[in-house]
Amino acid sequence: PAWYADGIGGAFGQTPALAARLKLTYADGTSEVVETGTDWTASYDTPYLRTGIYEGELYDARHERDAFACAGKTAAVVVSAFKGTLEKPRGAEVYLRRDLALAPVEAYVWRGTVGAAETNAFGRVKILRRYQPGEKMTLQPGEQLVLDFGQNAAAIPEVVATAAAGGALTVKGGEMLNDGYGEKSRGNDGPAGSVYFANYRGLKGDGQAEVTYVFAGKGTETYLPSFTFMGYRYARVTATGPVEIERIVSIPVTSVAKADERGTLKTGNADVNRLIKNCLWGQYSNYVSVPTDCPQRNERLGWT
């Protein structure tokens, strides 16, 4: 549904539908065109329990099965809510820029706080352990893992981890950390060192603009969200059961293809070079199909 029927689209609440024309070419060179229609069947039995640009994604790996096993038995129906004309997409393609993948430059696990005696302060997080870049990380229920990827970006996390079947891992992104002593008067929404979410407005609550993976319990599992993206530099990772994280990276989502980058600009001034880099990452993050605004909070619309 993308922007059409997502949480802030103009048609929110409408039932999205699929209209497709498939051209099948067989080994003998003959071809056949197959179109969707009421003779098709549908299935809602998939691992994707919640998806959306704003709503994030909930994926239950215990429901994974091959295409034939997923074949639906629900008769297709005609959805007549859409009164427009079907056309080919006009927006640019969207790419996962693995060449720009961001690994955490800092990672620590915290639980509990210190220095929160004042009623106007959340205090500071009590750090239990820190991890070096590339080191395997463990997470227990009730703990929070904070990751700093070093760069704000429109992106999705790719997680390689191990946990028992039914255990869930949740990743929620943020642009900055709470600071000081977590003083409420300064706008902090949690203890210093925790990820700050207040500026996400309608998406600041749990379940919004976050991804959750439910493990199948089949050894090392890899999860990469398919139907959402977030704007973040930091990530809060929580789990409902013990998890060992082998690797987690942030992969930028953008319509700026690597082939579109024809040159670079570098000056003799480090501050100017950082400004140029900021502009470049601003383009990566806000060119997603169409020029969008704010890849992190509840906007991401084509205001231009």
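A few notes on this one:
- Phi angles across region 145-154 convert, under the Karplus curve 6.51 cos²θ - 1.76 cosθ + 1.60 with θ = phi - 60°, into 3J(HN,Hα) values of 9, 9, 10, 10, 8, x, 7, 5, 7, 7 Hz, Gly and Pro given as x.
- Within the chain, the percentage of alpha carbon pairs spaced more than 29 angstrom apart rounds to 46%.
- With 0.36 nm allotted per residue and the present C-alpha distance subtracted, the E246-S43 stretch has 69.7 nm of extension available.
- Counting only residues at least eight positions apart within a chain, or on another chain, the lysines with an alpha carbon under 27 Å from that of K184 are K126, K172, K204.
- Straight Cα distances below 22 angstrom link K277 to the lysines K258, K266, with same-chain residues fewer than 8 positions distant left out.
- A full extension of the chain between D293 and A71 corresponds to an added length of 76.1 nm, given 0.36 nm per residue minus the alpha carbon distance.
- Label-to-label distance, nm, for residues given as Y26 and E183 (7 Å Cα→Cβ offset): 7.6 nm
- Build a GNM of the chain with springs between Cα atoms under 10 Å apart, and of A155, A17, A164 the one that fluctuates most is A17.
- Approximate spin-label separation N278-Q132, in nm, with each point projected 7 Å along Cα-to-Cβ: 3.3 nm
- Residue of G84, G37, G231 that the Gaussian network model of the chain assigns the largest fluctuation, springs spanning Cα pairs under 10 Å: G84
- Counting only residues at least eight positions apart within a chain, or on another chain, the aspartates and glutamates with an alpha carbon under 18 Å from that of K23 are E32, E35, D39, E87.
- Inter-probe distance in nm under a simple model that places probes 7 Å from Cα toward Cβ, at A92 and S226: 2.6 nm
- Per-residue SASA entry for L147, accessible area with 1.4 Å probe, Å² rounded to 10: 0 Å²
- Value of relative contact order over region 27-177, rounded to a whole percent, pairs C-alpha under 8 Å and six or more apart: 17 percent
- As a length-normalised measure over Cα pairs under 8 Å and 6 or more apart, the relative contact order of region 123-274 settles at 41 percent.
- Folded to 0 to 90 degrees: helix 270-286 orientation relative to the chain principal axis, Cα: 40 degrees
- Across the chain, the longest run free of exposed loop sites, meaning chymotrypsin sites (Phe, Trp or Tyr not before Pro) lying outside DSSP classes H, G, I, E and B with no more than 15 other Cβ atoms within 10 Å, spans 83-302.
- Loop-located GluC sites (Glu not before Pro) in region 68-126, at most 16 other Cβ atoms within 10 Å (DSSP): E87, E93, E118
- Here region 172-277 has 51 percent of its accessible surface on carbon and sulfur atoms, given a 1.4 Å probe and all protein chains in place.
- Amide H contacts of T138: I245, each under 5 Å away and 5 or more positions distant or on a separate chain (H built 1.01 Å from N in the peptide plane; Pro and chain starts excluded).
- For the chain, built as a Gaussian network whose Cα springs stay under 10 Å, the top-fluctuating residue of K172, K83, K258: K83
- Positive-pole candidate from L145, V79, A270, dipole of the chain, charges at beta carbon: A270
- Summed over qualifying helices (DSSP H, 4 residues or more, each -39500 (n - 2.57)) and divided by its residue number, the chain shows a 222 nm mean residue ellipticity of -2000 deg cm²/dmol.
The values are calculated or read from the model by the stated rules, or taken from the named source; none is laboratory data. What you are looking at is a predicted structure, and each value in this text was computed from that prediction instead of being measured. Virtual Cβ from ideal backbone geometry, glycine too; neighbours counted across all protein chains shown. Side chains are part of the model used for accessible areas, which takes the heavy atoms of the whole protein and leaves out ligands, DNA and RNA. Shrake-Rupley method; radii C 1.70, N 1.55, O 1.52, S 1.80 Å.
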